[in-house]
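The values are calculated or read from the model by the stated rules, or taken from the named source; none is laboratory data. What you see is a predicted model, and the numbers here were worked out from it, not measured in a lab. Here the Cβ is made from the backbone with ideal geometry for all residues, glycine too, and neighbour counts use every protein chain on show. Just so you know, the surface numbers come from the protein's heavy atoms only, side chains and all, with ligands and any DNA or RNA stripped out. Shrake-Rupley method; radii C 1.70, N 1.55, O 1.52, S 1.80 Å.
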Amino acid sequence: WIRNLFQDVTGKKLKILMYTDCKSLVDNMNSINVHITEKRLFGEVLSLKESIMTGEIESLKHVETKHMIADCLTKDSKKLKLILLSAYKGKVTVGSSISN
């Protein structure tokens, strides 16, 4: 709904580019068949696949976990302090990785 609100206000359509470190998710998006046994997750994956097919989501790409700088926000990690400090100093760039 945020994309639609942005489009209503600006008249411009935002592209949705998704990145994940979950290789099996990307594999399922590129496969004819979805290989998931959990019903709830199966429905969510089908919904995501439909959004990609209709163009609502422009792309879903796999990236290595070390490039997922937001990973520390969802997992227990010592990298959060380093990332926040690096961002504060202007040293975090798109595509950069943070090492321990």
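In region 9-21, the residues that are in contact (Cβ under 8 Å) with a residue 12 or more places away in the chain and surrounded by 14 or more Cβ atoms within 10 Å (Cβ to Cβ) reach residues that are among the aliphatic types (A, V, I, L, M) and assigned to a loop (DSSP other than H, G, I, E, B) with C-beta atoms within less than 7 angstrom, at least six apart or across chains, in these pairs: ILE16/ILE57; MET18/ILE57; ASP21/VAL63; ASP21/MET68. Annotation note: Cβ proximity below 7 Å between a residue of region 30-49 that is open to solvent by 70 Å² or more (accessible area, probe 1.4 Å) and a residue that is part of a helix (DSSP H, G or I) (sequence gap 6+ or interchain) occurs for HIS35/ASN28. Contact map, region 66-95: first residue under 19 Å from TYR19 (Cα atoms), second residue assigned to a loop (DSSP other than H, G, I, E, B) and at pLDDT 70 or above, Cβ cut-off under 8 Å, separation 6 or more or different chains; pairs are HIS67/ASP21; MET68/ASP21; ASP71/ASP21. Scanning region 36-71 for residues that are polar (S, T, N, Q) and more than 18 Å from LEU14 (Cβ to Cβ) yields THR37, SER47, THR65.
In the set (1) under 19 Å from the mean Cα position of the chain (by Cα); (2) surrounded by 11 or more Cβ atoms within 10 Å (Cβ to Cβ), the condition left unmet by MET53 is number (2).
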